[in-house]
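Everything on this sheet refers to the single structure shown next.
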Amino acid sequence: MPEILRVEGLKKTFTLSAKQQKLEKTRSKTKVAVNDLSFTVNEGEIFGLLGPNGAGKTTTLRMLATLIRPDSGDAFLDGFSVKTQPYEVRKLIGFLTSELKLEEFFTPNYLFDFFANLHNVGRAAREARKAELFATFGIAEFAEVKVANLSTGMKQKVSLALAIIHDPKIIIFDEPTNGLDVLTAKTVTDFLLEQKASGKTIVVSTHIFSLVEKICDRAGIIIDGTMAVCDTLSALTADKSLEDKFFDIYSESVGDEQ
Amino acid sequence: MNKNIITIMKKEFARFFGDARMVVTALILPGLMIYVVYSFMGVAMKDMFMPSDDHTPVLNAVNFPQSIAKIAPQYGFEVNAVTDTDEIRTQIGNKETDILIVFPEKFDESVESYDTKLSSVKPPNIEIYYNSVNPDSSEAYGLAVSMLDEYEASLSNKFDINRDVVSDLATNEDVMAFSIASLLPFLLTMLMFTGCMSLAPESIAGEKERGTIATILVTPIKRSELAIGKMLSLGVLAFLCGLSSVIGTFVSLPKMMMLDESGIDMNIYGAVDYVLIALIVLSTILMIIAVISIISAFSKTIKEAGTSVTPLMIVVMVVGISSMFGGGAATEITYYLIPLYNSVQAMSGVFSFNYSMTNVLVAIISNVVYACAGGFILTRMFNSEKVIFSR
Ligand SMILES: Nc1ncnc2c1ncn2[C@@H]1O[C@H](COP(=O)(O)OP(=O)(O)OP(=O)(O)O)[C@@H](O)[C@H]1O
Ligand SMILES: [Mg+2]
């Protein structure tokens with residue numbers, strides 16, 4: 001399968017405020033969140049970024065989605081650079097992370113039309129897509145309820161539907177099943193598998209091993225902003241479970257530092 | 001116009017008009033409040049400072065001389081000859097009667113024999129008692145003083161001033177224009193600013209605070225389109241809010257200024273004047289929106305934005321008040337490049353029929369230029385992750 005996403009030596013450093021320094025229990029004024037990260041994703045596969053809290057998963061995905069700029073390195077999505085062609089990249093991707101909030105005042109129906117307009121989706125296509133996505137995620141009966149009055153799970157499903165209004169070629173989801181009950185989580189994972197079947201490429205980040213085992217074709221384990229290992233799932237789980245593999249890699253890389 | 005800009009503007013309008021609380025607090029309440037407060041103030045001030053129309057001034061006099069008795073009726077006085085001054089003084093203090101004049105005994109004879117050049121004693125003295133808190137008494141006092149002044153002048157009349165002519169050549173229009181020119185620019189500026197202040201922080205700092213702006217930023221919309229869409233819609237909404245206050249002001253201004261029922265006749269201004277005022281107001285609103293939007297974009301929360309904008313409010317008040325002092329609108333063109341001050345001066349000029357078209361146009365154009373520069377800065381800020389994701 002041809003490669004559709006190439007990440008080359010991405011690096012991101014944040015400056016920490018005094019408050020953040022305390023939280024992170026560090027005296028250094030900067031935090032390297034992602035450090036020289038490289039990987040590739042092939043067209044039509046589900047790629048998982050696995051890592052503990054604070055590993056840099058969300059930061060990596062935000063750079064791919066052009067919300068923040070890498071300090072150095074670059075990433076190419078279908079040939080477009082996140083650094084020099086962010087506008088093209090945004091047309092190509094559907095991005096979902098918990099920091100992207102919906103305006104609580106509006107209804108799912110209104111927001112769907114609003115984002116469809118921003119994504120340049122015409123009226124007829126929009127209505128067809130709306131019917132399809134609202135049915136898939138069970139949003140239809142809440143279509144006219146203000147987002148403020150929706151449950152957490154329903155909000156997440158609405159966010160998800162809005163992120164893929166334009167039927168993007170590449171779907172990038174940060175923690176897609178976080179905070180969802182098993183039923184809702186299954187709707188989401190089934191949907192991702194369905195999208196993969198129809199030829200889309202999907203990048204997810206998670207710290208849930210079972211999710212990776214269930215849906216990913218390939219996965220990379222990030223520890224402290226660097227890629228510890230990146231391989232197909234069958235290779236990663238050849239001799240032991242993914243979880244055991246992770247502990248091995250983790251103690252190895254932490255051991256390296258000491 | 002660009003499709004994305006329209007999409008953003010429509011959303012801002014839907015947000016505003018869909019929220020009954022917002023429409024009431026930002027759009028309806030300011031106009032209504034201004035109407036109620038100004039009307040109330042006007043009525044209260046009328047009670048306080050204006051003498052009643054149908055009151056006959058009462059003059060209590062001790063040793064009332066013949067000479068004055070002859071002219072007093074011409075001034076509309078009802079005269080009471082009295083002897084007990086203490087009782088009358090108490091009555092004046094209690095607002096029961098208007099004034100008391102104590103003439104010296106044999107006033108007419110003393111005046112007759114007094115020679116301004118040769119006499120070595122002081123001239124006869126008249127004492128007038130009144131109550132400054134009672135408008136009727138104050139008016140009677142003023143009337144009595146001018147009556148006595150005129151009598152004194154007539155005793156040694158060598159020449160008159162302004163006998164039987166109306167010497168103030170200001171037309172009614174001028175008088176009205178003068179009072180409007182000194183008050184309205186200040187009012188309009190304040191109303192525009194408060195209108196903008198009630199909208200922009202909510203729309204920009206609010207979206208940042210709630211994390212909804214990031215959701216828009218991952219779509220293929222240009223940052224400039226977002227900035228322009230926001231500024232234009234906020235400008236329109238601020239204009240509507242300002243309009244509500246302006247209507248409230250105009251309806252209540254006659255009462256406030258204690259004019260009679262005919263009120264302020266705005267027909268004294270022509271179409272050109274109104275067009276110029278509208279252009280000045282619109283360009284000023286855009287300029288203010290740009291400034292407040294930038295401040296809001298720097299702020300992390302609506303509250304922080306509100307706090308940062310407040311000092312600006314004081315500047316706006318001071319600049320607004322500048323139209324009330326100084327001799328009319330400034331004439332030098334460089335003044336019309338100073339934001340805000342230019343609008344106040346231009347409005348003041350148009351309202352007082354005394355302006356140079358070049359200066360007014362310079363004011364309008366410079367405001368538009370400042371607004372565009374602001375839009376450019378806002379675009380840059382929307383592009384900056386430090387601004388959008390600051391925490
Ligand atoms: N805006 C920021 N300013 C300062 N530090 C940041 C910022 N964003 C992230 N970080 C830091 O960078 C590191 C990586 O964060 P990131 O959110 O990418 O981790 P993650 O792998 O997504 O973790 P989690 O599983 O908890 O979501 C963390 O230490 C975090 O505190
Ligand atoms: Mg994360």
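The values are calculated or read from the model by the stated rules, or taken from the named source; none is laboratory data. Here the structure is a predicted model, which means the values were calculated and not measured. In this analysis, Cβ positions are derived from the backbone assuming ideal geometry, glycine residues included, and neighbour counts consider all displayed protein chains. Protein only, heavy atoms only, side chains kept; ligands, DNA and RNA dropped before computing areas. Shrake-Rupley method; radii C 1.70, N 1.55, O 1.52, S 1.80 Å.
Beta-bridge orientation, chain B: approximately 25 percent antiparallel, per DSSP, counting only bridges with both partners inside. Amide H to amide H distances under 5 Å link residue A:171 with A:94, A:201, A:202, A:203, where only residues 5 or more positions off or on other chains count and H is placed in the peptide plane.
Packing, taken as the mean count of other beta carbons within 10 Å per residue, orders the peptides B:64-73, A:211-220, B:129-138 from highest to lowest as A:211-220, B:129-138, B:64-73. Report summary: the helix-based calculation at 222 nm, which adds -39500 (n - 2.57) for every DSSP H run with n ≥ 4 and divides by the residues of chain A, gives -11500 deg cm²/dmol.
Structure note, pairs A:29/A:245; A:155/B:222; A:214/B:300: Cα-Cα distances above 31 angstrom occur for A:29/A:245; A:214/B:300. Take every pair of alpha-carbon atoms less than 8 Å apart whose residues are at least six positions apart; their mean separation over the length of chain B yields a relative contact order of 22 percent. A simple rule links phi to the HN-Hα coupling: the Karplus curve 6.51 cos²θ - 1.76 cosθ + 1.60 with θ = phi - 60°, which for region B:225-238 gives 5, 5, 5, 5, x, 5, 5, 5, 5, 5, x, 4, 5, 4 Hz, with x for Gly and Pro. Whole-Hz Karplus values for region A:53-63 come out as 4, x, 6, x, 5, 4, 4, 4, 5, 5, 5 Hz, taken residue by residue from phi with 6.51 cos²θ - 1.76 cosθ + 1.60 and θ = phi - 60°; glycine and proline positions read x.
Tell me the per residue accessible area of chain B using a 1.4 Å probe; a whole number in Å² is fine. Intermediate results must be reported in sequence, preceding the final value.
On the way: 20410 Å² over 391 residues.
Solvent-accessible surface per residue comes out at 52 Å².
For the pair residue A:208 and residue B:313, label points projected 7 Å from Cα toward Cβ lie 4.8 nm apart.
How high is the FRET efficiency between residue A:17 and residue A:253 when r is their beta carbon distance and R₀ equals 25 Å, given to the nearest 0.05?
About 0.35, to the nearest 0.05.
Across region B:58-155, Cα pairs under 8 Å and at least six residues apart give a relative contact order of 32 percent. Counting protein heavy atoms only, chain A has 50 percent of its accessible area on carbon and sulfur, 1.4 angstrom probe. Amide H to amide H distances under 5 Å link residue A:222 with A:50, A:51, A:228, where only residues 5 or more positions off or on other chains count and H is placed in the peptide plane. Spin-label model, residue B:335 to residue A:42: label points 7 Å out along the Cα-to-beta-carbon direction sit 7.7 nm apart. Helix B:271-298 and the long axis of chain B differ in direction by around 60°, with both axes built from C-alpha atoms. Applying 1/(1 + (r/R0)^6) with r as the Cβ-Cβ distance of residue A:125 and residue A:182 and R0 = 35 angstrom yields a FRET efficiency of 0.60.
With +1 on the Cβ of every Lys and Arg and -1 on the Cβ of every Asp and Glu, and nothing else charged, how large is the dipole of region B:58-155 about its Cα centre, in debye rounded to the nearest 20?
Values: 6 positive and 17 negative charges, 36 e Å.
Magnitude of the dipole: close to 180 debye.
What region A:3-257 shows is 44 Å² of accessible area per residue, with the surface traced by a 1.4 Å probe over protein heavy atoms. Within chain A, DSSP assigns beta bridges of which about 55% are antiparallel (rounded to the nearest 5). Would you mind telling me the share, in percent, of accessible area of region B:58-155 contributed by carbon and sulfur at probe 1.4 angstrom? Taking all protein chains in place, region B:58-155 shows 48 percent carbon and sulfur surface.
Residues of region A:181-209 with the amide nitrogen closer than 18 Å to a label point 7 Å from the Cα of residue A:232, along Cα-to-Cβ, please. Only A:197, A:202 pass the distance filter.
From a point 7 Å beyond the Cα of residue A:3 in the direction of its Cβ, which residues of region A:25-47 have a backbone N at a distance under 19 Å? It comes to A:35-47, nothing else. When the accessible area of each residue in region A:75-104 is compared between its chain alone and the complete protein assembly (1.4 Å probe; ligands, DNA and RNA ignored), which residues differ by at least 30 Å², being lower in the assembly? With the partner chains in place, region A:75-104 has these residues losing at least 30 Å²: A:87, A:90, A:99, A:100, A:101, A:103.
Length available on full extension from residue B:159 to residue B:304: 0.36 nm per residue minus the Cα-Cα distance, which gives 45.2 nm. Here residue A:31 is the anchor, and the lysines within straight C-alpha reach of less than 19 Å, apart from those fewer than 8 places off in the same chain, are A:11, A:12, A:19, A:22, A:57, B:386.
Summarising the label geometry, the points placed 7 Å from Cα in the beta-carbon direction at residue B:325 and residue B:87 lie 5.2 nm from one another.
Using a 1.4 Å probe and counting only protein heavy atoms, how much accessible surface gets buried when B and A come together, both sides summed, in Å² to the nearest 100?
Details: alone 21690 and 12950 Å², together 32090 Å².
Buried surface at the B/A interface: approximately 2500 Å².
For the pair region A:105-166 and region B:328-391, the centres of their Cα atoms are 41 angstrom apart.
Remark: region A:3-257 carries a charge dipole of roughly 960 debye about the Cα centre, counting +1 on each Lys and Arg Cβ and -1 on each Asp and Glu Cβ. With the helix formula -39500 (n - 2.57) applied to DSSP H stretches of n ≥ 4, chain B reaches a computed 222 nm mean residue ellipticity of -21000 deg cm²/dmol. Dipole of the protein assembly as shown (Lys/Arg Cβ +1, Asp/Glu Cβ -1, origin at the Cα centre): which of B:331, B:242, A:93 lies farthest to the positive side? Positive-most Cα among the choices belongs to A:93.
Where in region A:142-186 does the amide nitrogen come within less than 16 Å of the point 7 Å from the Cα of residue A:193, taken along Cα to Cβ? Once the point is set 7 Å along Cα→Cβ of residue A:193, A:177, A:182-186 turn out to lie under 16 Å by backbone N, inside region A:142-186.
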